[in-house]
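Okay, so here's the structure we're looking at.
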């Protein structure tokens, strides 16, 4: 029997993003994968320093809008680069001349970047900062010694945030991740387990390769699996860095250098290099809670669903969302019974979120029975999609 050969093809983003005269790199995505921030250098509409640009993708056509320079984040006399965004897209972490800074988006645009606290700025250079999806930790790269190192090298560090919102003293991600060489560009997927980063460690195919590691414990930040090279379908003989993975875990955005120029590409990840499937939560969108299972014809939540609901509860508490839950069923059975079941299941989810620490005054639950299908009820697959609980965050 012949084996299945998977060939991955990188796609160059269009001229709306990449320009022939300039360089584009450092892609950063919003959690809905529809807005792309990136670095532009030597573009006709920019400057000779690193500026920050934004492009938005039309959800119907998939086309990217013409990228525009963000003037309030693009000082022509200094280098700026986006590194990550908060879940609601309103806070940006960015690199400004070797320091980690943040900016907040309001009705009149982005605020002037302000540096993170000085105790988080290790050594003479730090970058690639990102806050985890649940808001509990800050990851970044710094030119600073990790454990066992006599001299400084680029390593990845983490700072945990306590219940009062204060950032703790940074410490190394541990020897499984950091080496005496170069480690940078950490990206922890919203599944809170899968880490992608760049390194020139032993086994690297080029100047800098992308590696993947899995977190071994939900309570340990320096417990990681042995990193795996993402392989020749992803890595090149050059400098592979700034990989950002879409929330659905299927696609990676990154910069690739060809000759003297960087451009931004997208590539579909192989199955074994994807993160864990998660529920996507975005403000003012109804979206079905995935991995949510009940006992047949009952409102009893199965234990296997609790980790996902706990993760959702953490996000709700971190960002202070108001929540509207909507229960739905297929059209099998009597309409009144379906409406009653959908209401009971929505209420069960509400109670579980409250048990995980959410404010009950912030959560409403409604049941709509079989009146709002999202698929046909003529097939089992369609009926399965219609049996759902949706969450709206406001």
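Laboratory data are not the source of any read-out in this text; all were calculated from the coordinates shown. Just so we're clear, the structure is a prediction, and the values are computed from it rather than from any experiment. When we count neighbours, we look across all protein chains shown, and the Cβ atoms used for this are built from the backbone with ideal geometry, even at glycine.
Assuming 0.692 mPa s and 37 °C, estimate D for segment 160-204 with Stokes-Einstein, Rh taken as the Kirkwood radius over Cα pairs, in µm²/s. In µm²/s, the coefficient is 263.
Which of 168, 106, 231 moves most in a GNM of the chain, Cα contacts under 10 Å? In the Gaussian network model the winner is 106. Note on residue 359 and residue 291: the model spin-label points, each 7 Å out from Cα along the C-beta direction, lie 2.8 nm apart. For segment 54-100, the spread of Cα positions along the three principal axes, ordered from largest to smallest, is 38, 25, 14 Å.
Size descriptors for the chain, from the alpha-carbon set: Rg then Dmax equal 22.4, 72 Å. Each Cα pair of segment 1-139 feeds into the Kirkwood radius, which the Stokes-Einstein equation turns, at 20 °C and 1.002 mPa s, into a diffusion coefficient of 132 µm²/s. Shown here is the pair-distance distribution of segment 286-393: with all Cα-Cα distances grouped in 5 Å bins from zero up to the longest one, the shares run 2, 14, 24, 26, 18, 10, 5, 1, 0 percent. For segment 56-215, the spherically averaged projection of the C-alpha convex hull amounts to 11.9 nm².
Using the alpha-carbon atoms, what tilt in degrees (0 to 90, nearest 10) does helix 306-319 show relative to the longest principal axis of the chain? Roughly 60 degrees between the two axes. Look at the alpha carbon pairs under 8 Å that are at least 6 residues apart: their mean separation over the length of segment 48-185 gives a relative contact order of 14 percent. Ellipticity at 222 nm from helices only: DSSP H runs of n ≥ 4 in the chain, each -39500 (n - 2.57), divided by the residue count, give -3500 deg cm²/dmol.
Among 296, 236, 194, the residue with the largest mean-square fluctuation in a Gaussian network model of the chain, with springs joining Cα atoms closer than 10 Å, is 296. Taking every Cα-Cα distance in segment 344-390 and sorting them into 5 Å bins starting at zero, the pair-distance distribution P(r) comes out as 5, 21, 23, 17, 13, 12, 7, 2 percent.
If you plug the beta carbon distance of residue 268 and residue 337 into 1/(1 + (r/R0)^6) with R0 = 35 Å, you get a FRET efficiency near 0.20. For the chain, the longest principal axis of the Cα atoms and the long axis of helix 335-355 meet at an angle of about 50 degrees.
Once C-alpha pairs closer than 8 Å and six or more residues apart are averaged by separation and normalised to the residue number of segment 11-273, the relative contact order reads 14 percent. Summarised in one figure, the compactness ratio Rg/Rh of segment 123-166, Cα atoms and Kirkwood Rh, is 1.05.
Here each label is just a point 7 Å from Cα along the line to Cβ, and for residue 169 and residue 60 those points are 5.7 nm apart.
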